[in-house]
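Read-outs throughout are calculated quantities, based only on the coordinates presented, and are distinct from any laboratory measurement. A quick note: this is a predicted structure, and the numbers were derived from the prediction, not measured. Note that we place each Cβ from the backbone using ideal geometry, even for glycine, and neighbour counts take in every protein chain shown.
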Amino acid sequence: MESKIVISAVNIRKEYVTKKHFLTGKVKEKYVAVKCAAFDIEEGKTVGIVGESGSGKSTIGEIVGGLQEPTYGNILYFGKNIKELSDEEYQDYRKSVQFIFQDPKGSMDPNYRIVDILSMPLLTAKIAKDKKEAEKLVDDMLFRVGLDLSVKNKYPTEISGGQCQRAAIARALLVNPKLIVCDEPVSALDISVQAQILNLLRELQRELNISYIFISHDIGVVNYMSDTILVMQNGAIVERGPAKEVILHPKENYTKKLIESAFM
Ligand SMILES: Nc1ncnc2c1ncn2[C@@H]1O[C@H](COP(=O)(O)OP(=O)(O)OP(=O)(O)O)[C@@H](O)[C@H]1O
Ligand SMILES: [Mg+2]
């Protein structure tokens, strides 16, 4: 069976204007965060992005999920340019690409309980018709991501980092995403908790056939999670391939260094 491509990044480039003329507004200086990136993300598969700090990993993730526009190039969602989607299709695309970040507490409003935070997108997207129905879906999902229901009535600051990341995964899953951009999702967690979260993500992928972009500076973690790996350096993809091939037979010195530093 032919695999379906959820997202294609077609020659995307991102320039940030870092200096403008104070009167004319003319661009005087720009910084190229992503030079020219092209890749596909297949249904049910993980594309890992690895590279040192500032290499452009998060920028790519944000562009794929529509949080930022590329300066040049295009994002295709199931083969369709997102610039040409109808309002309804665009909303479906934005809902279908969810995010999990390094700091789950930072991505949750501290003034709301977990149940409210997780219900909100369900009500906004009209997946649940009222609060009661939303709460039922939230309960089921909390169970699925391995959380005790007592977490529900707590505030993000009252639960552990690992629990909060599970809640963030639940929030992402509740709207039935096709792709989750996982941006350093375990970098702030203890080693033992890291493994639990990584295994949970893998289990959910098998069950739900979702795709991931898995971003990390840790090539060991990326290797564990990914089908294919993109290695980024200074805004460019310098090496790519099936995960095992990139790890066992790296071609670029930069990749070799990343591997050495991870496994030393
Ligand atoms: N809004 C912005 N304006 C100017 N430069 C920016 C902006 N956002 C990001 N950059 C720069 O673009 C480059 C790429 O940033 P990005 O966040 O994508 O890197 P990263 O690989 O995710 O790094 P990290 O591992 O530290 O998260 C960095 O040098 C960053 O300073
Ligand atoms: Mg980043």
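Points worth noting:
- Number of positions in segment 202-259 that are of a type in the set (S, T, N, Q), surrounded by fewer than 22 Cβ atoms within 10 Å (Cβ to Cβ) and more than 18 Å from the chain's Cα centre (by Cα): 3
Condition check ((1) within 16 Å of ligand 1 (Cβ to nearest atom); (2) crowded, with 16+ Cβ neighbours inside 10 Å; (3) of a type in the set (A, V, I, L, M); (4) on the phi > 0 side of the Ramachandran plot) across all residues:
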residue: Lys14; (1), (2), (3), (4): yes, yes, no, no
residue: Lys28; (1), (2), (3), (4): yes, no, no, no
residue: Lys35; (1), (2), (3), (4): yes, yes, no, no
residue: Thr46; (1), (2), (3), (4): no, yes, no, no
residue: Val50; (1), (2), (3), (4): yes, yes, yes, no
residue: Ser53; (1), (2), (3), (4): yes, no, no, no
residue: Glu62; (1), (2), (3), (4): yes, yes, no, no
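- Restricting segment 16-26 to residues that are over 20 Å from Gly61 (Cα atoms) and touching a Lys or Arg at 6+ places or on another chain (Cβ under 8 Å), the residue that is surrounded by the most Cβ atoms within 10 Å (Cβ to Cβ): Lys20
- Filter result (surrounded by 19 or more Cβ atoms within 10 Å (Cβ to Cβ) and assigned to a loop (DSSP other than H, G, I, E, B)) within segment 103-125: Pro104, Met108
- The set of residues from segment 156-181 being more than 16 Å from ligand 2 (Cβ to nearest atom) and outside any helix (DSSP H, G or I) comprises Ile159, Ser160, Val175, Asn176, Pro177, Lys178, Leu179.
- Those strands (runs of 3 or more DSSP E) of segment 182-264 in which 1 or more residues are free of Cβ contacts under 8 Å to residues at least 40 places away in the same chain occupy 236-242.
- Count of residues meeting criterion [assigned to a helix (DSSP H, G or I) and surrounded by 15 or more Cβ atoms within 10 Å (Cβ to Cβ)] in segment 76-91: 2
Residues checked against (1) more than 26 Å from Asn176 (Cβ to Cβ); (2) in a strand (DSSP E or B); (3) more than 16 Å from ligand 2 (Cβ to nearest atom):
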position: Gly25; (1), (2), (3): yes, no, yes
position: Val34; (1), (2), (3): yes, yes, no
position: Asp40; (1), (2), (3): no, yes, yes
position: Gly73; (1), (2), (3): yes, yes, yes
